[in-house]
Amino acid sequence: MANPISPIPAVSGQPVAVSKIESYLRESWEASETSCRASLYNLVLYTQQEDSLESNTVILSQIAREHACRALLVCAPPHQARREARAWVTAHCAYDRESRSSICSEQITFVVRGFNPSDIASIVFPHLLSDLPLVFWWQGDLNEHFTSPLSRHIDRFLFDSSGWANPRRCVLQLLDRHHRRHKPFILHDFTWARTFAFRLALAACFEEPEARTQLDEIQRVQVVHGPDGAAMAQLFLAWIASRTGWICSGWKGQTLRLRSAPGSQIECDLVARPEPGALLEVTLESPHGEFRLARGDRFVERTSRLWGQASRSLFPLQPDDSAALVSQILGRGGNNAVYLAVLRFLRDHPCPRS
């Protein structure tokens, strides 16, 4: 007896045969007199978790309010023996008062089981709008699907490194794929984006010429993080090392040993605390100064003490949820070259696992 089709968790939209998706969309829009579709991007969200289909649809609808797109939500559960491809179509609309019509973005949801990576690409990619850039959001660890044709045409690649079970393997895989591309895609790590306020605050510590003279005299750096903040702390510490040009002498436990240009030894400690939050505090110490960043509820507080004089300022924290981060990435653009340098630093100087 053939195995029955496995049940699918709740999926928003109209079920449509994969081969009929485009004709269904065309007929639907032709029949609508009060709605028009708009797309500036192809946004593909790839996940292996079927129980995230509903929550991911909510996230895509939030993004579509600000950035019109054709959204493809692709769920490819691992280790499935039965080959099966199913699809649903829905629209995310916002009312435009000037035109007195609804501006809509399309979402096509795919659940594909038992297919190899190349087959998944052949099922999904024909439904991209060919003249628009491809923003690919990958949820979870990178796997063999990432090195398949799925990553061939990506313009911007979005992911969250804090959730990687094997960060070292994922970093190597990501940089290898990036290097092999004739036109490398731009990397956007949510974990990196969440360090923005801390990076801005630390840069502000050294705006004054007197403060900059202390950079070569820094003797100790401490980065304090919460239970889920190890990846963010490592990225931040790698950013400090890569931007200052300090020479890495290697890790000893959770201490990164560096050397400044004049030859001063610098010990950089990663410290885990049970307090909630990811990145909590950062402190840099020199013989004549201390530069401290501390996370609050809505701000990062910068405190600088130099030659006995203190100054303080606040830097607002960035939105933390995925929808807001994706909207910021789509709005800002950029090539994220600094993050790429940080990732290469971590590749060349991997941190021992906690």
Fully extended contour minus Cα-Cα distance, from GLU207 to ASP155, at 0.36 nm per residue: 15.3 nm
Value at 222 nm in deg cm²/dmol, rounded to 500, when DSSP H runs of n ≥ 4 in the chain each add -39,500 (n - 2.57): -8500 deg cm²/dmol
Relative contact order, percent, the range 207-354 [alpha-carbon distance under 8 Å, six or more residues apart]: 25
PHE299 long-range amide H proximity, modeled H, under 5 Å: LEU317
Cysteines without a disulfide-compatible partner [the chain; Cβ-Cβ under 4.7 Å]: CYS36, CYS69, CYS75, CYS170, CYS205, CYS248, CYS268, CYS351
Antiparallel %, DSSP beta bridges [both residues in the chain], to 5: 60
Separation of the ALA31 and GLU267 label points, Cα + 7 Å toward Cβ, nm: 7.2
Relative contact order for the chain, counting Cα pairs under 8 Å that sit 6 or more residues apart, in percent: 14
Extended-chain gain in nm, criterion 0.36 nm per residue less alpha-carbon gap, ALA38 and HIS349: 107.5 nm
Label zone at GLN318 (point 7 Å along Cα-to-Cβ), backbone N below 13 Å, the range 164-204: 187-201
Distance between modelled label sites at CYS248 and SER311, nm, 7 Å Cα→Cβ extension: 3.2
Reported label for calculated volume of the Cα convex hull per residue in Å³ given [x] 262; [y] 197; [z] 168: [z]
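Just so you know, all these numbers are worked out from the coordinates, no wet-lab data involved. It should be emphasised that the depicted structure is a prediction, and the values quoted were computed from it without experimental measurement. Every residue, glycine as well, gets a Cβ built from its backbone with ideal geometry; the counts of neighbours run over all protein chains shown.
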